[in-house]
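Engineer: Sharing a structure with you now.
The values are calculated or read from the model by the stated rules, or taken from the named source; none is laboratory data. None of the values given here were measured: they were computed from a predicted structure. As a convention, Cβ positions derive from the backbone with ideal geometry for all residues, glycine included, and neighbour counts pool all protein chains shown. For accessibility, only protein heavy atoms count, side chains too; no ligands or nucleic acids. Shrake-Rupley method; radii C 1.70, N 1.55, O 1.52, S 1.80 Å.
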Amino acid sequence: MNSNDKALVVLSGGQDSTTCLYWALQRFGAGNVEAVTFDYGQRHRVELDCAKTIAALAGVPHTVLPIDTFAAIGGNALTDASITPEQGARADDDTELPNTFVPGRNLIFLSFAAAFGYTRGARHLVTGVAQTDYSGYPDCRENTLKALELALRLGLDSRVELHTPLMYLSKAETVHLAERVGALEALAFSHTCYNGEQPPCGHCAACELRARGFAEAGVADPLVERFRQG
């Protein structure tokens, strides 16, 4: 890998983005990786602190960028305090989007990340989206990301590359990837719970999916263990 091939990781402070951060460190080298986190008015704001802690553990520069438009738009459980996040994981054949879907979030995040990366000389953008995710968020699908990558290349006149290491991995496979890239220690400080609770509530959709992934992988969740031992 060229020493000038820098990467920017979109770090939410959650399980998937934390795994991707360590994947990027392994792929691009410690001196070539930065992280960016978006403050978009999310209800579980504890993730901002988690992202800061994880970036420090990983030893990478970390920037928080404010985007308050999603909170102004509302209409979803992650930015509108009047809407309660759905409980429990959805059935695989459920085609209706959950109320935690923030319309256009990944499109906006990656557009800002590309602009920020442009100023940093980082053309590689890494994001933890996964098409296999139960929710079926349309802005997590590979065809969406490929279209966005083309638009960013044209709009920035740059060789932007979007990397999605988790695109077709199950939650259990993501756990095994975290093991291989050395992310488990950092996952003890990650945040997934849709209700913003620490220790995690254990019954929202995000908590159930995370728990299932670690169980199927046969690995103890470092986050749960941290609170259990504490």
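Engineer: With the structure loaded, tell me whether ASN106 is modelled with pLDDT under 70 and of a type outside the set (Gly, Ala, Ser) or whether it fails that test.
Structural biologist: Answer is no for this residue.
Engineer: Follow-up. Mind listing whichever residues of the range 192-211 are surrounded by fewer than 18 Cβ atoms within 10 Å (Cβ to Cβ), at pLDDT 90 or above and in contact with an Asp or Glu (Cβ under 9 Å, 6 or more places away or on another chain)?
Structural biologist: Residue satisfying the conditions is GLY202 alone.
Engineer: Within the range 127-144, take every residue that is outside any loop (DSSP other than H, G, I, E, B) and buried (at least 18 other Cβ atoms within 10 Å of the Cβ) and give me the one that is modelled with the lowest pLDDT.
Structural biologist: Only one residue fits best here, namely CYS140.
Engineer: Kindly establish whether ARG228 is open to solvent by 60 Å² or more (accessible area, probe 1.4 Å) and under 21 Å from ALA7 (Cα atoms).
Structural biologist: no
Engineer: Please go through the range 10-30 and give me each residue that is assigned to a helix (DSSP H, G or I), open to solvent by 20 Å² or more (accessible area, probe 1.4 Å) and either at pLDDT 95 or above or closer than 13 Å to LEU187 by Cα (or both), ordered by number.
Structural biologist: ASP16, TYR22, TRP23, LEU25, GLN26, ARG27
Engineer: Right, another one. Could you grab me the full set of residues in the range 31-57 that are within 14 Å of ALA122 (Cβ to Cβ) and either in contact with an Asp or Glu (Cβ under 7 Å, 6 or more places away or on another chain) or surrounded by fewer than 24 Cβ atoms within 10 Å (Cβ to Cβ) (or both)?
Structural biologist: Listed by number, the residues that qualify are GLY31, ASN32, GLU34, VAL36.
Engineer: What residue, among those in the range 127-171 that are in contact with a strand residue (DSSP E or B) (Cβ under 6 Å, 6 or more places away or on another chain) and in contact (Cβ under 8 Å) with a residue 40 or more places away in the chain, is farthest from GLY14 (Cα to Cα)?
Structural biologist: LEU162
Engineer: Would you mention how many residues in the range 215-230 are over 20 Å from the mean Cα position of the chain (by Cα) and either at negative phi or among the hydrophobic types (A, V, I, L, M, F, W, C) (or both)?
Structural biologist: The qualifying residues number 10.
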